[in-house]
Each structure stands twice: as structure tokens, then as C-alpha cells.
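Taking it in order: structure first as C-alpha cells, then the write-up.
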Amino acid sequence: MTTYLLGPTSAATIVSRSATALEAEVRYAPRSRPPPVHLFPTQSGHVEVLEGELSARLGRTTRTYRAGESFDVPAGTRHTMWNASPEPTRTTWRTAPPGRSAEWLASLDAAVRAGGGVAAVALVTREFRDVLRLAGVPGVVLPLLAVVGRLRARFGVDRGR
């Protein structure tokens, strides 16, 4: 099974995929920071905490879930999840319908591993806006960052050079 980096402190491994859903095991490093608030426009999610604790902001409500607890993320709900605890966290995510979630995970992983930074992630986010949308980002910002990401990729500009 392939493990996909979601960022510097979290990774997902697809454990099953069908025409109706995609399920992934997601691990969060201790004391991770929340990713940007985002939403899945057409997919709903179900998250179960297997080990540790997971903090989640769903809409305007923030709550910490512990091992054995689960919650749903309805399609279109602004949310973010992270591990604020000092111990690692392991969860399962079930996304339905799966759409292009597996392809999005692979593209995000490639951008993270390449060290492309915000511009590369913006390019992936723009390409997969049917899967994930950043919430609260002005409409013009993401396309501009995507252009920067394409230019960096075209001219082989690496982070830190």
C-alpha cells in the first residue's frame, strides 16, 4: 500500500477503494498544526479515531475526539483536523463518493515531497477543486498562486534556491 504525505505532519494510506467510497488510514504527528480550513464540495466524510486524539473544527464548532469516537463531515462543510496532543494519532477517513480523491492524494503527495511549498499545493488544489476547496481564500489568490506553481515547475525552481 502506498502512503501519501498530506503535509509535514500527516500521511494517508488508502486501505480500500470502490465505486461508492474511499477509505484511508490517516496518521497525525504529535502537536501538529491545523491545515487550512477547507471543504469537500460533493463528498461527505466519516472519521473514526483509532488511537490518540484528534481536534476537529467543523463549521464554527471545535471539539477533540478520542480513540473510539467518530464524527461525520457533511459535503460542503468547512473543516480542519489536527493532533494537538503529545502522542501520535491514527484515524480512518471514509469519503463518499470517492470521486478523484485517490488522484488528489497522489498529486498532493508529489507536491509535498518535491518541497514545492504553498505555490505547488495551490496548483494541486486548483487542479482538484472538484475534490477540495480552501475556505476563506479570496477568489483571486488561488489562481495566482497556481500560476506561480506552474512557473516554478516549468523552470525547475526548487524551494530554497
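Values quoted throughout were computed directly from the atomic coordinates according to the rules given, and no laboratory measurement underlies them. Remember, predicted model here, so these are calculated numbers, not experimental data. We place every Cβ from the backbone using ideal geometry, glycine too, and count neighbours over all the protein chains shown.
So how compact is the range 3-96: Cα radius of gyration and Dmax in angstrom?
Answer for the range 3-96, Rg first and Dmax second: 12.3, 37 Å.
Roughly speaking, what is the centre-to-centre gap between the range 86-139 and the range 18-62 when only Cα atoms are used, to the nearest Å?
Between the Cα centre of the range 86-139 and that of the range 18-62, the gap is 12 Å.
Pull out the extension gain between THR64 and ALA106, defined as 0.36 nm times the separation in residues minus the alpha carbon to alpha carbon distance; nm, one decimal. Mind dumping the intermediate values first?
Values: separation 42, 0.36 × 42 = 15.12 nm, distance 2.82 nm.
The span from THR64 to ALA106 would gain 12.3 nm if fully extended.
Using 0.36 nm per residue, how much length does the chain from ALA135 to SER18 gain when fully extended, once their Cα-Cα distance is taken away? Please list the in-between numbers first.
Details: separation 117, 0.36 × 117 = 42.12 nm, distance 2.80 nm.
Taking ALA135 through SER18 to full extension adds about 39.3 nm, to one decimal.
Do any trypsin sites (Lys or Arg not before Pro) in the range 24-104 lie in a loop, going by DSSP, with at most 13 other beta-carbon atoms within 10 Å of their beta carbon, and if so which?
Numbers: sites: ARG27, ARG31, ARG57, ARG60, ARG63, ARG66, ARG78, ARG90, ARG94, ARG100; in loops: ARG31, ARG60, ARG78, ARG100.
In loop regions of the range 24-104 (DSSP not H, G, I, E or B), the sparsely surrounded trypsin sites (Lys or Arg not before Pro) are ARG31, ARG60.
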